[in-house]
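The values are calculated or read from the model by the stated rules, or taken from the named source; none is laboratory data. None of these values were measured; they are calculated from a predicted model. We work out accessible area using only protein heavy atoms, side chains counted, and drop any ligands, DNA or RNA first. Shrake-Rupley method; radii C 1.70, N 1.55, O 1.52, S 1.80 Å.
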Amino acid sequence: MSTEVTAGTGAYLTLDDGRPAVRFRRVHDLAADRVWRLVTDPDALAAWFPSRAEMELRPGGAITFSGDPHMPGSTGRVLSVDPPRHLSFGWGGDELRFDLEALDGGRTRFTLTDVLAERNTAARNGAGWEVCLAALDRTVRGEPAEGPRAGGIAAWREIYEDYVEAGVPSGAPVPGAD
């Protein structure tokens with residue numbers, strides 16, 4: 001049986017295969033190929049993603065993550081790619097899935113699903129994605145975005161507390177705050 005807890009602009013859920021995840025949906029006033037660039041181009045991604053990600057866009061392709069002040073550099077693998085509709089890759093034990101759906105009027109439905117390696121990371125990661133996706137939203141609107149790290153731990157902490165209060169599993173260490 002699938003469970004779902006809504007918190008912030010996301011949801012904590014149990015996938016059909018039993019794995020925990022946090023999921024976020026947005027509709028952007030950009031065509032899917034332009035949103036795809038924001039998900040796959042290292043410079044565009046660096047404006048909103050926690051790390052710079054240099055990736056080989058093919059199944060099994062290497063990804064190098066760098067530039068996050070709270071995490072050491074790391075590597076991952078592309079799990080699947082179907083431009084400009086789907087990208088999934090491994091990152092720090094989690095599986096990140098980006099799904100883009102073209103809508104009428106040149107708009108795109110953007111869905112980010114973070115399939116969690118550990119259930120107790122849900123509130124931490126959910127709050128982190130809220131901060132990151134706010135930076136993505138600003139970028140899409142053409143507003144200045146200083147990246148997800150610009151708001152600092154204070155903005156994240158408030159969102160995190162909302163997630164915990166909503167009943168999203170918590171307790172994992174918080175890099176840069178613990």
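Things to note:
- In order along the range 115-128, the Karplus-derived 3J(HN,Hα) couplings, from 6.51 cos²θ - 1.76 cosθ + 1.60 at θ = phi - 60°, round to 7, 7, 6, 10, 4, 6, 8, 4, 5, 4, 5, x, 5, x Hz, and Gly and Pro are given as x.
- Fluctuation leader among 86, 70, 28 - the chain, Gaussian network, Cα springs under 10 angstrom: 70
- Relative contact order (percent, whole number), the chain, Cα cutoff 8 Å, 6+ residue spacing: 24
- From helices alone, the chain scores -8000 deg cm²/dmol at 222 nm; the rule is -39500 (n - 2.57) for each run of n ≥ 4 DSSP H residues, then divide by the residue total.
- Cα convex hull, the chain: 112 Å³ per residue, rounded to a whole number.
- Anisotropy class of the range 81-174 from Cα gyration tensor, a/c 1.5 cut: oblate
- Shape class of the range 37-96 from the alpha-carbon gyration tensor: oblate, with a/c at 1.5 or above and b/c at least as large as a/b.
- Whole-number accessible area per residue in Å² for the range 1-142, which is evaluated in the context of all protein chains at 1.4 Å: 46
- Counting protein heavy atoms only, the range 8-106 has 50 percent of its accessible area on carbon and sulfur, 1.4 angstrom probe.
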